[in-house]
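Enquirer: I have a structure I would like to understand better, so I am pasting it below and will then ask my questions one at a time.
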Amino acid sequence: MSQYKIAVVVGSLRKESFNRKLAVAIAKLAPSEFTFKQIEIGDLPLYNQDDDENQAPSVKRLKTEISEANGVIFVTPEYNRAMPGVLKNAIDHASRPYGKNAWEGKPAGVLGVSIGAIGTALAQQHLRNSLAYLDMPTMGQPEVFLQAKEGLFNEDGSIGANSQAFLQGWVDRYVAWVKKHSN
């Protein structure tokens, strides 16, 4: 049996982030041969091309963690109809310098939760544009645009009954996606 390492990139820095809770909860739905590691992005400097040849230790760590992963899950909130700047900053750092893109070929999954009725639909589309350019095979269906409301999470942080089957289906599809597309 193979072991699969999944890097989880949460596009929110907030300690009590709904998206961080979602990232933890979906990891519990995966089979035992999958392990999940949330990747720190809050300590990255702002991307500056002048630093490409002398990347900060936090950038080198990010690139190593992405390179070592068999797949990546992006769990993103939506800020002003787009992905958060901290997430875009991480994407830019790990794709540079040109020709040393750590994201390339990594099978990706995208999901998110927001208090708004359309969840994170526009942020996810914004993110998917970047992932296509980065040559990440990104799972298209099912799409997950969750609204944060009572019952989404149980008191223990697990997924609530109303969303359990849907999110289990998403995780099952992502597991198959990684097995199909990982090197």
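The values are calculated or read from the model by the stated rules, or taken from the named source; none is laboratory data. The model shown is predicted, which means the values in this text are computed figures rather than measured ones. Here the Cβ positions follow ideal geometry from the backbone for every residue, glycine too, while neighbour counts run over all protein chains shown.
Enquirer: Going through 128, 173 one at a time, which residue ends up being among the charged types (D, E, K, R) and within 17 Å of residue 4 (Cβ to Cβ)? Explain how you work it out, then say what you get.
Expert: On the way: 128 fails: within 17 Å of residue 4 (Cβ to Cβ).
Unique residue meeting the criteria: 173.
Enquirer: Considering each residue of the range 19-42, count those that are closer than 22 Å to residue 123 by Cβ and either exposed (fewer than 13 other Cβ atoms within 10 Å of the Cβ) or over 16 Å from the mean Cα position of the chain (by Cα) (or both), and give that number.
Expert: Residues meeting the conditions: 1.
Enquirer: Would you pick out the residues in the range 1-40 that are of a type in the set (Ser, Thr, Tyr) and part of a loop (DSSP other than H, G, I, E, B)? Write out each step before concluding.
Expert: Within the range 1-40, the first condition is being of a type in the set (Ser, Thr, Tyr), and the residues that meet it are 2, 4, 12, 17, 32, 35.
Scanning the range 1-40 gives 2, 12, 17, 32.
Enquirer: At pLDDT 95 or above, over 15 Å from the mean Cα position of the chain (by Cα) and within 26 Å of residue 173 (Cα to Cα): which single residue out of 47, 4 fits that description?
Expert: On the way: 47 fails: within 26 Å of residue 173 (Cα to Cα).
Every option except 4 fails the conditions.
Enquirer: Can you tell me which residue among 117, 132, 123 is aliphatic (A, V, I, L, M) and more than 23 Å from residue 96 (Cβ to Cβ)?
Expert: Numbers: 132 fails: more than 23 Å from residue 96 (Cβ to Cβ); 123 fails: more than 23 Å from residue 96 (Cβ to Cβ).
Criteria check complete, one pass: 117.
Enquirer: For the range 35-68, enumerate the residues that are in contact with a strand residue (DSSP E or B) (Cβ under 7 Å, 6 or more places away or on another chain) and under 11 Å from residue 94 (Cβ atoms). Please lay out each step first, then the result.
Expert: We begin by selecting, within the range 35-68, every residue in contact with a strand residue (DSSP E or B) (Cβ under 7 Å, 6 or more places away or on another chain); these are 35-39, 41, 65-66, 68.
39, 41, 65, 66 - these are the residues of the range 35-68 that are in contact with a strand residue (DSSP E or B) (Cβ under 7 Å, 6 or more places away or on another chain) and under 11 Å from residue 94 (Cβ atoms).
Enquirer: While we're looking at this one, here's another question. Could you check, for the range 51-59, whether at least one of its residues is surrounded by fewer than 13 Cβ atoms within 10 Å (Cβ to Cβ) and either among the acidic types (Asp, Glu) or in a helix (DSSP H, G or I) (or both)?
Expert: The first filter runs over the range 51-59 and keeps only residues surrounded by fewer than 13 Cβ atoms within 10 Å (Cβ to Cβ), leaving 53-54, 57.
Next, from what is left, pick out any that are either among the acidic types (Asp, Glu) or in a helix (DSSP H, G or I) (or both): 53, 57.
Within the range 51-59, one or more residues are surrounded by fewer than 13 Cβ atoms within 10 Å (Cβ to Cβ) and either among the acidic types (Asp, Glu) or in a helix (DSSP H, G or I) (or both).
Yes/no per residue for (1) of a type in the set (S, T, N, Q); (2) crowded, with 17+ Cβ neighbours inside 10 Å:
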{"position": "125", "(1), (2)": "yes, no"}
{"position": "142", "(1), (2)": "no, no"}
{"position": "145", "(1), (2)": "no, yes"}
{"position": "149", "(1), (2)": "no, no"}
{"position": "152", "(1), (2)": "no, yes"}
{"position": "162", "(1), (2)": "yes, no"}
{"position": "166", "(1), (2)": "no, no"}
{"position": "178", "(1), (2)": "no, yes"}
{"position": "182", "(1), (2)": "yes, yes"}
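Enquirer: Something else now. Please state which one of 116, 151 is modelled with pLDDT under 95, among the small types (Gly, Ala, Ser), out of contact with any Ser or Thr (no Cβ under 9 Å at 6 or more places or on another chain) and within 21 Å of residue 17 (Cβ to Cβ). Lay out the reasoning, then the answer.
Expert: Numbers: 151 fails: out of contact with any Ser or Thr (no Cβ under 9 Å at 6 or more places or on another chain).
Answer to the check: 116.
Enquirer: Another question, then. Would you point out the residue of the range 1-18, among those that are aliphatic (A, V, I, L, M) and over 23 Å from residue 150 (Cβ atoms), that is surrounded by the most Cβ atoms within 10 Å (Cβ to Cβ)? Reasoning before the result, please.
Expert: Narrowing the range 1-18 to residues aliphatic (A, V, I, L, M): 1, 6-10, 13.
Narrowing further to those that are over 23 Å from residue 150 (Cβ atoms): 1, 6-9, 13.
Numbers: 1: 6, 6: 24, 7: 24, 8: 21, 9: 26, 13: 14.
Selected residue: 9.
Enquirer: Output the number of residues of the range 104-149 satisfying the condition of being part of a strand (DSSP E or B), of a type in the set (S, T, N, Q) and closer than 17 Å to residue 173 by Cβ.
Expert: Our first condition is that a residue be part of a strand (DSSP E or B); within the range 104-149, this holds for 108-114, 138, 145-147.
When the remaining residues are screened for being of a type in the set (S, T, N, Q), the result is 114, 138, 147.
Remaining after also requiring closer than 17 Å to residue 173 by Cβ: 138.
Number satisfying all stated conditions: 1.
Enquirer: Same structure, new question: Output the residues belonging to the range 137-168 that are under 17 Å from the mean Cα position of the chain (by Cα) and not hydrophobic (A, V, I, L, M, F, W, C). Working first, answer last.
Expert: So the first thing to find is which residues in the range 137-168 are under 17 Å from the mean Cα position of the chain (by Cα), and the list is 137-146, 167-168.
Result: 137, 138, 140, 141, 142, 143, 168.
Enquirer: Here is a follow-up. With the condition kept exactly as written, say whether any residue in the range 91-102 is part of a helix (DSSP H, G or I), buried (at least 21 other Cβ atoms within 10 Å of the Cβ) and touching a Pro at 6+ places or on another chain (Cβ under 9 Å).
Expert: Initially, the range 91-102 is screened for residues part of a helix (DSSP H, G or I), giving 91-94.
With the extra rule that they be buried (at least 21 other Cβ atoms within 10 Å of the Cβ), the set shrinks to 91, 93-94.
When the remaining residues are screened for being touching a Pro at 6+ places or on another chain (Cβ under 9 Å), the result is 93.
Looking for residues that are part of a helix (DSSP H, G or I), buried (at least 21 other Cβ atoms within 10 Å of the Cβ) and touching a Pro at 6+ places or on another chain (Cβ under 9 Å), one finds at least one in the range 91-102, hence yes.
Enquirer: Next question, about the same structure. Please tell me if residue 69 is of a type in the set (A, V, I, L, M, F, W, C), closer than 18 Å to residue 10 by Cα and out of contact with any helix residue (DSSP H, G or I) (no Cβ under 7 Å at 6 or more places or on another chain). I'd like the intermediate steps shown before the answer.
Expert: Details: of a type in the set (A, V, I, L, M, F, W, C): yes; closer than 18 Å to residue 10 by Cα: yes; out of contact with any helix residue (DSSP H, G or I) (no Cβ under 7 Å at 6 or more places or on another chain): yes.
Here the answer is yes, as residue 69 does meet what is asked.
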